[in-house]
Amino acid sequence: MNLTNIFNEKTVFSLEVFPPHSAKETNNLIDSFKGVNSIKPDFISITSGAGGSQNDISLELAKQFQNDLGITTIPHITGLYRSKADVITFLNELGSNGIQNVLALRGDQIPDKKPVGDFKRASELVKFIKKHGKFNIAGACYPQKHPESINFVDDILHLKEKVNQGVSYLITQTLFDNQAFYDFRERLQFAQVDVPIEVGIMPCTNLNQIKKITELSGNPMPKKFVDIMDHFRNNQEAMRDAGINYAIEQIVDLLSNNADGIHLYTMNNAENVQQIWDATHTLFAETSNHPTERV
């Protein structure tokens, strides 16, 4: 399924998983997500290692989710450590397996490792993919700006270039402050960037997750979130419940403010996905009955 038009039809609910390191773990992941098929997510995105280091496992996951479970998949393609030939090979593999959608990313810089140099920006990768196959291309965005951007204006200009080169919808990085998304959406409207935006939500269930996200994004966490996590930090069960409930509150607020969709960063935990869906599925049905036009 090409996902270009799905945002005009409904409020989208999608998931992200990452490829395990072995075939056994991959099969266990698929088994754990078989129940999630009853949720009928609109798609599942599948991360890859830097430079395509997990291409084979990512492709296998994509094939199983799409062909065995009937869930549309969106493999990630990172460009910083790939050559043009590598990208073409991977695109051909995806196409031969009936996969029509990809998420194009620049990818993170690896310390002490020199990039290949064929794709310095995500926009260059998007342009290249557009010329080499009939793929629907998603892109990433950063409501609190990319950590390497000089300012919000610089960030929006680079994002607009990605859209101009062929990105048809956007998925935000993990977000814990809904107001940051609303401010970001307004900036895009002023810049005349008119594509759907899914908001990335992660149910944080342990402190290590929070620390890692903060380090990678460079963005401050909202006080409400920090206070909740700090209060329950010594009780793992309470921390999990607090993290899931915070995510649910975010989703309720986002849907009531006409978000185009929710992209759930699952950390490969199907149980958490099911709990969040059970608490919010009626909201998706309601908002899907009242589609809104983007400015």
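Restricting Leu69, Leu94, Leu80, Leu103 to those that are closer than 24 Å to Ile6 by Cα, crowded, with 21+ Cβ neighbours inside 10 Å and in contact with a helix residue (DSSP H, G or I) (Cβ under 9 Å, 6 or more places away or on another chain) reduces the list to Leu94.
For Glu148, the criteria (1) crowded, with 19+ Cβ neighbours inside 10 Å; (2) part of a loop (DSSP other than H, G, I, E, B) hold in every case but one, which is (1). Looking across Val163, Val199, Val195, one residue alone is of a type in the set (A, V, I, L, M) and in a helix (DSSP H, G or I). It is Val163. Scanning segment 197-221 for residues that are touching a residue at least 12 places away in the same chain (Cβ under 8 Å), surrounded by fewer than 14 Cβ atoms within 10 Å (Cβ to Cβ) and either over 22 Å from Ile150 (Cα atoms) or of a type in the set (Val, Ile, Thr) (or both) yields nothing. The residue that is nearest to Leu61 (Cα to Cα), counting only those in segment 99-129 that are basic (Lys, Arg) and modelled with pLDDT under 95, is Arg106.
The values are calculated or read from the model by the stated rules, or taken from the named source; none is laboratory data. Since this is a predicted model, take the numbers as computed values, not measurements. Positions of Cβ are generated from backbone atoms using ideal geometry, with glycine treated the same way; all protein chains shown enter the neighbour counts.
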